[in-house]
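Before anything else, here's the structure in question.
Nothing in this text is a laboratory measurement; each read-out follows from the coordinates by a stated rule. Keep in mind that this is a model prediction, so the values were computed, not measured. All Cβ positions, even for glycine, are placed from backbone atoms using ideal geometry, and neighbour counts span all protein chains on display.
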Amino acid sequence: MIFNRAYSPENIFQEMSPAGKEGLCLEINDFHWQSTRINDMTEEEILRYALDDVERLGFFKKHSLRHSKFIRLKNSLPVYGLDYERLLTAHNRSIEKFKNLYVVGRSGGAFFCMSPGAANQGLKTAEHILSQV
């Protein structure tokens with residue numbers, strides 16, 4: 001698959017989505033270990049691969065695509081403010097009182113990790129929870 005994440009923006013931003021319209025956002029990363037470099041591909045090539053994948057996964061048929069838009073972000077990672085550690089510490093303290101809350105992944109852990117690492121955290125957490133039942 002050419003994309004590593006897909007989501008429907010109207011499921012997140014209902015108030016910003018036009019009535020009767022839907023969308024699918026595909027996040028595509030150019031990892032240095034890939035044999036095919038995304039940054040070297042044209043938008044038409046990327047779209048062709050993406051449409052093949054979304055159709056194969058059953059999201060929608062290629063011929064149903066009404067519009068596409070590309071936004072390329074080079075060398076993009078989150079930028080944290082200088083008070084990041086203080087805010088993170090305060091946040092973590094506020095949720096420590098919940099004994100059955102497990103915060104995992106990129107957002108939950110408030111750190112950068114690749115998708116396989118984030119998924120692995122989720123699997124380990126699920127195994128831990130199931131072992132407690």
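Assign unit charges at the C-beta atoms only (+1 for Lys and Arg, -1 for Asp and Glu), then state the dipole size of the stretch 5-64 relative to its Cα centre in Debye, rounded to the nearest 20.
The calculation lands at about 180 debye.
Say each of GLU10 and ALA90 gets a label point 7 Å from the Cα, pointing the same way as Cα to Cβ; how far apart are those two points in nm?
Taking the simple label geometry, GLU10 and ALA90 are separated by 3.8 nm.
If you don't mind, another one. Relative to the present Cα-Cα distance, how much length would full extension add between PHE31 and PHE70 at 0.36 nm per residue of separation?
Difference between extended and current length: 12.3 nm.
Quick one: length gained pulling VAL79 to LYS99 fully straight, 0.36 nm per residue minus the C-alpha distance?
Extra length from VAL79 to LYS99 when fully extended: 4.2 nm.
Continuing with this model, one more query. Ranked by Cβ crowding within 10 angstrom, fewest neighbours first, how are GLU55, GLU127 ordered?
GLU127, GLU55
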